[in-house]
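The values are calculated or read from the model by the stated rules, or taken from the named source; none is laboratory data. Please read all numbers here as calculations on a predicted model, not as lab measurements. For neighbour counting, all protein chains shown are included, and Cβ atoms are generated from backbone atoms with ideal geometry for every residue, glycine included. For the accessible areas, the whole protein counts, side chains as well, though only heavy atoms, and no ligand, DNA or RNA atoms are used. Shrake-Rupley method; radii C 1.70, N 1.55, O 1.52, S 1.80 Å.
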Amino acid sequence: QVQLVESGGGLVQAGGSLRLSCAASGRTVSTYAMGWFRQAPGKQRELVATQTSGGNTAYADAVKGRFTISRDNAKNTVTLQMNNLKAEDTAVYYCYAAFRKTYWGQGTQVTASS
């Protein structure tokens, strides 16, 4: 089993920045794909950013150029640096780790006020 705990969410003005972190425990996740989804009220959960175990990254078009995903396999963590936040980025952000099975964190609220 893998446990994931997110931190770093909060309230920020549009144009501001936040950094989300996700710490994994229970197993080493260096062979896992890891990343972030988000879910806004009344909308489906959507992929924000992902990084493979080999380091390849992918982003949703809506966040390209503003968000950066990175991971530290030695610390079993993945982070999401979010710059130039927009009101439409407001959502609950969920960390995930996937390798034969997908594990989810509990989510952290990000609110960008316009």
Of the residues in the stretch 1-29, those that are part of a loop (DSSP other than H, G, I, E, B) and exposed (fewer than 14 other Cβ atoms within 10 Å of the Cβ) come to Gln1, Gly15, Ser17, Gly26, Thr28
What number of residues in the stretch 31-51 are surrounded by 20 or more Cβ atoms within 10 Å (Cβ to Cβ) and among the small types (Gly, Ala, Ser)? 2
Filter result for Gly55 (out of contact with any Pro (no Cβ under 7 Å at 6 or more places or on another chain), on the phi > 0 side of the Ramachandran plot and not in a strand (DSSP E or B)): yes
Could you please give the count of residues in the stretch 83-102 that are under 15 Å from Thr50 (Cβ atoms), open to solvent by less than 20 Å² (accessible area, probe 1.4 Å) and of a type outside the set (Gly, Ala, Ser)? 2
Keeping to the stretch 62-114, report how many residues are in contact with a Leu (Cβ under 6 Å, 6 or more places away or on another chain) and part of a loop (DSSP other than H, G, I, E, B). 1
Exclusive hit being open to solvent by 30 Å² or more (accessible area, probe 1.4 Å), under 14 Å from Ala98 (Cα atoms) and modelled with pLDDT of 95 or more, set Thr77, Thr68, Thr57: Thr77
